[in-house]
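Written below as C-alpha cells is the structure these notes are about.
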Amino acid sequence: MSALRLVGLLAALLLVPSPHVGAELPTQDWVRTETRMDCTAYEALRTPFFGETHLHTSLSGDSAFVRVRTNPRDAYMYALGSAIGLPPYDPNDMPTRTTQIRRRLDFTAVTEHAEFLGEIRTCLQMGLPGYDHQNCIDTRAALAQPLGSPDDPLPPIFVAFTLSTVVPTPMRLPLCGVDDVNCLTQAAVAWQEIQDAAEEFYDRSAACDFTTFVGYEWTNNLAGFNLHRNIIFRNAEVQPLPTSYYEEPLVEGLFTQLENDCVGVGNCDFVSIPHNSNVSGGLMFDPANGDGSPLTKAGATRRATHETLVEIYQHKGSSECDPRTSPNDELCGFEQLKRVNLFAPAAPDPNLPAVNFTRQALKEGLRQHNLLGANPFEFGLIGSSDSHNATPGGTVEEDFGTIGHLGVRDRPPSNPMTRIGPGGVTNSGGGLAVLYAEENSRDALFAAMRRREAYGTSGTRPMVRFFAGRPPKDLCDRPDFIEEGYTSGVPMGGTIGPVLEKKSPRFAVLAMKDPGGNGEPSTQLQRVQIVKGWVDENGDTQERVYDVAGDPDNGATVDLDTCIPSGTGFDTLCTVWKDPKFKPEQRAFYYARVLENPVCRWSTRHCNDQGIDCDGVVPPEFSDCCTDFVEKSIQERAWTSPIFYHPERFGLKGDIKLGKDPGKDKLKLQLTIGDIPPELDVENNDFTLTVTDDDQIYTATLPAGSFEVKKPGTSYKYKDSDGLIDDVKLVQLKVNSKGVAKIKFQTVNTVLPNADASTHRIDVRLTVGDYDETDSRFWELKGSKLKSQK
C-alpha cells in the first residue's frame, strides 16, 4: 500500500476532512424534537454508533419464565458497563452467575413483549386483581419448580400463555378479567416503568454519552411462525399503551393503531423493525396483506415508510440467505437456525420457504416495485441480540457458552448444546446495530434509522462505509474519502438512478477491522464482497456475489483445540468498484458484506471448556461437539444497508454557457432515464424542467401537446429556433427497445443571471404528470462554462 493511500485511509477513518473544490458536508436531515442540551461532540460527516434495538428483561413473560429477575434499569446499567446477576438464584436469593459487558454501548432500546406485560405483574404482585385466579396460582407454582431439561414438557400454564399468541383470533387468559382490565391496568404500570428507566439513563447533557429509546415488541406467533416487530419511538412521546397481538393480530392493524396514537400527535414518530424472518414460514415478506388480500401500491408504500430497517442477525440465527435458494453463495450457511418455526427442534436440512430470508425479500421487493410502482421491502439492515437476560450487546463468542441469553435455560452446561428450543446449539450471541449519525442523541439516531444509514454485525465491531454514485476512481488514495463519498454519491441505505447514464454507478467501500479492547479480540479482515440483486428482462429476480477487496484464499485459520487463530489478514480494506453486468434498465440493489478471518464458534469453545474428547467417550448431551451439525469455526461479519438503484430516475450531462454579453447564456442537457415509466407521458402532460442552486437558475414548461409525435411511445420532438416558449430551442425524447430514454434539451441564447460562476451543486428537476425526479450533483466551472461532474 502506498504511503499516500495509507494516509488517505487513516484520515478517512478518523474523520479528518480535507476540503477540496467541489466538496461539501452532508445536510442534517433532522430537527430537535425534545428538550436537551446540544451535543459537544457533533460530526457533520456522521459517526458510527454501536448499540442494541432488541432486548428483554424480567418484564417480558418468556424472560420471567426462565427465572430472569433483572429489569430495564439493570439492562441500561449493563450497557454502560456495570455487572448484573443472572439466574439460577441460590437459597439466599443471590444470583449464582454475574456478567459484565466488555465494551459499553452507545445506545440501547429495551423492547419487552407487549403480550403478557400485565399478566406477569398481575400474577406476581400479591393483592392485585387477578392474583388469586387459577392461571396465576399455576404460574407461581410453575416458577417455584426447577425448569427441568429441554426434553421435559413445559408446564401447562406456560403452554397456555404461548398458545394464546399462535391462533388467528387471540384472546388473553381468564386471569385478565372482564374486558381484560386486570392485565391492561398492570401493562400500563409496566409501560411506565419502561419509560421511566429510559428517561433515567438517557443522557440529555452536552456529553451525549448514552442514548435510550422507548420501545416494545409486537409478538405475532401465528401457527408457530415468527412475525414479530420491534417498535422504536423517536423520543419520549409514545403510545399510551403498547399495541399487542391481542388487540391487533395483523401488521396492518398494528400500523393503524400506531398511526392513530402517534403519527401527527405532537412529535411522536416510530419505526417498525421485523426480525427472524428465518422462522416466519414465508409470511414475514409475503407480498400480500396479513389477511391474504393483494398488496397495493399504497400498502407497499405504507410498509416501506414504517419498516425502514430489518434485523438481519440475532441470537436466533442469520436471516440473510439460505444455501438452498442461494446455492452459489457458500457463505449463506453462516449461523442457520435450522428450524421450520419457533417451536420446532433444529434439524439438519429443514425445507424453508425462500422468502424466509432477507436477500430474497429484497429481490421480491424489486419485483413488486416493477409490478405496483412501490417497493414494500426497501429496507436497511441491522443486527441485535434479542437477549432475554437484560444483557444488551452481550455478543462475545467467548462468553456465550457460560452466559447465554435465556436465564436458567442456559444451565447446566449441557443445555446450550441441545437441538430443542428455545435456545440450543444453533443459537448464538447475536449481533449489533450500527447507526451513522452526527451526534449521539435520539433525534440524530432516529434519523439514521429513517434514512437507513445503518449496518448490522454478527457481534463484533468493524467500521464500514459504503457509498454509490460518482465517487472518484482514486477515492481510496485520498484523505477525504468520507466527505467525497457524500458529495459525489449516497451512503448505505440511499437510492440512486443512472447517474453515469448507461454506465454503472461506482461503489466505494471502506472497512476497518474491529479494534477490540477490554478482552475482546481484534480479528483482521479477510475480504469485502458486494451482493447484487436485480430483476432481469424476463421479470425474474437474480443475485450475484462479487469479491471486491481482500483475499478469500489468504490461508487464515484457527486451531479448533486451542482456538488460537493463525495467518494474516487486513487491518483495512478499500476499493472503488463498478458493476460489470450493469444494465441501466434493470432495477437492482447492492449491499456490502465484510468478512473477518475465522475464529472458533462459541459452541467449539464451550465443548473445549467442558473437556469433551471426541476420540473418547462423549456424553450424549454433548454429542454435537463431535458432529458437523453446526460450524466449528465462523467468520464474523458485517452487512451494510443496501443502496437501491431506481431505473426510472435520470442521470445527465450538461453545460451552462455563461455569455460575455447579456442575453448570451445557454443551457444544454442530455438526460438518460434507465427505464422510462408510463407516467412520463409527454403527449398528455405538461413537460417542466427546472434548474436550481440556492436560487432558481432556469425553468421552462412545455404544455401538453407541444411535442411532435415521431413514433408513438418512442420518439417525440419539440423544436423552435426562436424559443418562443421559455427560450426552449429543442427537446427531443427517444426511447430504445429496452426502455432506456434519452432526452436532449437546449435553449436559445437566454439570460441566466442566477447561474453562479463557481463550482457548486446544481439540481435539475424534471416533472411530467406524476413523474417527478431530480438529479443533484456538482457542476464545475471550466472557463466560461459550468459543466456537470461525471
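The values are calculated or read from the model by the stated rules, or taken from the named source; none is laboratory data. Everything quoted here is computed from the prediction, not taken from an experiment. With ideal geometry, Cβ positions are generated from the backbone for all residues, glycine too; neighbour counts draw on all protein chains shown. Protein only, heavy atoms only, side chains kept; ligands, DNA and RNA dropped before computing areas. Shrake-Rupley method; radii C 1.70, N 1.55, O 1.52, S 1.80 Å.
Would you check which residues across region 316-330 are over 10 Å from Phe357 (Cβ atoms), touching a residue at least 40 places away in the same chain (Cβ under 8 Å) and part of a loop (DSSP other than H, G, I, E, B) and list them? Residues satisfying the conditions are Lys316, Asn328, Asp329.
The set of residues in region 535-575 that are open to solvent by 50 Å² or more (accessible area, probe 1.4 Å) and charged (D, E, K, R) comprises Glu537, Asp540, Arg544, Asp547, Asp551, Asp553, Asp559, Asp561, Asp571. In the condition set (1) more than 29 Å from Arg470 (Cα to Cα); (2) surrounded by fewer than 16 Cβ atoms within 10 Å (Cβ to Cβ); (3) touching a residue at least 40 places away in the same chain (Cβ under 8 Å), Arg761 is compliant with all but (1). For region 681-698, filtered to residues that are more than 14 Å from Asp726 (Cα to Cα) and of a type in the set (Val, Ile, Thr), the residue that is nearest to the chain's Cα centre (by Cα) is Thr692.
Look through region 672-687, keep the residues that are polar (S, T, N, Q) and buried (at least 16 other Cβ atoms within 10 Å of the Cβ), and return whichever of them is farthest from Ser737 (Cα to Cα).
Taking region 672-687 first, the residues polar (S, T, N, Q) are 672, 684-685.
Pick out the ones that are also buried (at least 16 other Cβ atoms within 10 Å of the Cβ) and you get 672, 685.
Working: Thr672: 14, Asn685: 23 Å.
Taking the candidates together, the pick is Asn685.
Of the residues in region 445-459, none is within 29 Å of Thr70 (Cβ to Cβ), among the polar types (S, T, N, Q), in the same structural domain as Gln145 (by TED's automatic domain parsing) and outside any strand (DSSP E or B).
Does Tyr546 meet the test of being under 30 Å from Cys600 (Cβ atoms), modelled with pLDDT of 95 or more and either touching a Ser or Thr at 6+ places or on another chain (Cβ under 6 Å) or not small (Gly, Ala, Ser) (or both)? Steps first, answer last, please.
Numbers: under 30 Å from Cys600 (Cβ atoms): yes; modelled with pLDDT of 95 or more: yes; either touching a Ser or Thr at 6+ places or on another chain (Cβ under 6 Å) or not small (Gly, Ala, Ser) (or both): yes.
Yes.
Only residues that are surrounded by fewer than 21 Cβ atoms within 10 Å (Cβ to Cβ) and more than 21 Å from Glu52 (Cα to Cα): list them for region 220-238, please. If you could, list the steps in order and put the result at the bottom.
If we filter region 220-238 for residues that are surrounded by fewer than 21 Cβ atoms within 10 Å (Cβ to Cβ), which is where we start, we get 222-224, 236-237.
Selection gives Leu222, Ala223, Gly224.
Of the numbered criteria (1) touching a Cys at 6+ places or on another chain (Cβ under 8 Å); (2) among the hydroxyl-bearing types (Ser, Thr, Tyr); (3) assigned to a strand (DSSP E or B); (4) crowded, with 19+ Cβ neighbours inside 10 Å, the one Tyr590 fails is (1).
Taking region 202-261 as the range and being in contact with a Phe, Trp or Tyr (Cβ under 6 Å, 6 or more places away or on another chain), outside any loop (DSSP other than H, G, I, E, B) and under 20 Å from Asn341 (Cβ atoms) as the test, the residues that pass are Gly224, Arg229.
Somewhere in region 643-653, is a residue over 30 Å from Lys532 (Cα atoms), touching a residue at least 12 places away in the same chain (Cβ under 8 Å) and either open to solvent by 20 Å² or more (accessible area, probe 1.4 Å) or not in a loop (DSSP other than H, G, I, E, B) (or both)? So far as region 643-653 goes, no, none of its residues is over 30 Å from Lys532 (Cα atoms), touching a residue at least 12 places away in the same chain (Cβ under 8 Å) and either open to solvent by 20 Å² or more (accessible area, probe 1.4 Å) or not in a loop (DSSP other than H, G, I, E, B) (or both). Meeting the requirement of 1 or more residues that are within 33 Å of the chain's Cα centre (by Cα) and surrounded by fewer than 23 Cβ atoms within 10 Å (Cβ to Cβ), the strands (runs of 3 or more DSSP E) wholly within region 45-148 are 47-52, 84-89, 95-99.
A quick yes/no check of all residues on (1) without any contact (Cβ under 8 Å) to a residue 60 or more places away in the chain; (2) over 18 Å from Cys476 (Cβ atoms); (3) not aliphatic (A, V, I, L, M):
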position	(1), (2), (3)
Pro498	no, yes, yes
Leu510	no, no, no
Gln529	no, no, yes
Gly533	no, yes, yes
Glu537	no, yes, yes
Thr541	no, yes, yes
Tyr546	yes, no, yes
Asp553	yes, yes, yes
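Would you confirm whether any residue within region 409-430 is small (Gly, Ala, Ser), open to solvent by less than 10 Å² (accessible area, probe 1.4 Å) and over 23 Å from Asn608 (Cβ atoms)? No; the residues of region 409-430 include none that is small (Gly, Ala, Ser), open to solvent by less than 10 Å² (accessible area, probe 1.4 Å) and over 23 Å from Asn608 (Cβ atoms). Taking the condition of a type in the set (S, T, N, Q) and within 34 Å of the chain's Cα centre (by Cα), does Thr701 pass? It is false that Thr701 is of a type in the set (S, T, N, Q) and within 34 Å of the chain's Cα centre (by Cα).
Could you tell me which of the residues Phe285, Phe343 is among the aromatic types (Phe, Trp, Tyr) and at pLDDT below 95?
Values: Phe285 fails: at pLDDT below 95.
Of Phe285, Phe343, the one residue that is among the aromatic types (Phe, Trp, Tyr) and at pLDDT below 95 is Phe343.
Among the residues making up region 151-201, those that are in a helix (DSSP H, G or I), charged (D, E, K, R) and open to solvent by 50 Å² or more (accessible area, probe 1.4 Å) are Asp179, Glu193, Asp196, Glu199, Glu200. Scanning region 616-631 for residues that are β-branched (Val, Ile, Thr), under 36 Å from the mean Cα position of the chain (by Cα) and crowded, with 16+ Cβ neighbours inside 10 Å turns up just one, Val630.
Residues that are of a type in the set (Gly, Ala, Ser) and more than 14 Å from Asn230 (Cβ to Cβ) within region 43-70 comprise Ala44, Ser58, Gly61, Ser63, Ala64, listed in sequence order. Does Gln336 count as open to solvent by 10 Å² or more (accessible area, probe 1.4 Å), more than 16 Å from Gly430 (Cα to Cα) and modelled with pLDDT of 95 or more? Judged against the criteria, Gln336 is not a match. Only a single criterion out of (1) farther than 25 Å from Glu780 by Cβ; (2) crowded, with 21+ Cβ neighbours inside 10 Å; (3) over 23 Å from the mean Cα position of the chain (by Cα) is not satisfied by Met492, namely (3). Counting the residues of region 298-315 that are assigned to a helix (DSSP H, G or I) and open to solvent by less than 10 Å² (accessible area, probe 1.4 Å) gives 1. Region 677-790 holds strands (runs of 3 or more DSSP E) entirely within its bounds, and those carrying 3 or more residues that are at pLDDT below 95 map to 771-782. Within the option set Leu573, Leu595, being more than 27 Å from Asp628 (Cα to Cα) and modelled with pLDDT of 95 or more holds for one residue only, Leu573.
Evaluate the following for Glu217: is it among the charged types (D, E, K, R) and buried (at least 20 other Cβ atoms within 10 Å of the Cβ)? Answer is yes for this residue.
In region 287-297, of all residues being at negative phi and without any contact (Cβ under 8 Å) to a residue 40 or more places away in the chain, the one that is least open to solvent (accessible area, probe 1.4 Å) corresponds to Ala288. Kindly indicate whether Arg234 is basic (Lys, Arg), under 30 Å from Glu364 (Cβ atoms) and in contact (Cβ under 8 Å) with a residue 60 or more places away in the chain. Spelling it out, Arg234 is indeed basic (Lys, Arg), under 30 Å from Glu364 (Cβ atoms) and in contact (Cβ under 8 Å) with a residue 60 or more places away in the chain. Annotation: Leu25 fulfils all but one of (1) touching a Leu at 6+ places or on another chain (Cβ under 7 Å); (2) modelled with pLDDT under 95; (3) of a type in the set (A, V, I, L, M); (4) open to solvent by less than 20 Å² (accessible area, probe 1.4 Å); the unmet one is (4).
Determine which member of the set Asp151, Asp106, Asp132 is under 30 Å from Pro521 (Cα atoms) and among the acidic types (Asp, Glu).
Working: Asp151 fails: under 30 Å from Pro521 (Cα atoms); Asp132 fails: under 30 Å from Pro521 (Cα atoms).
Just a single option satisfies the conditions, and that option is Asp106.
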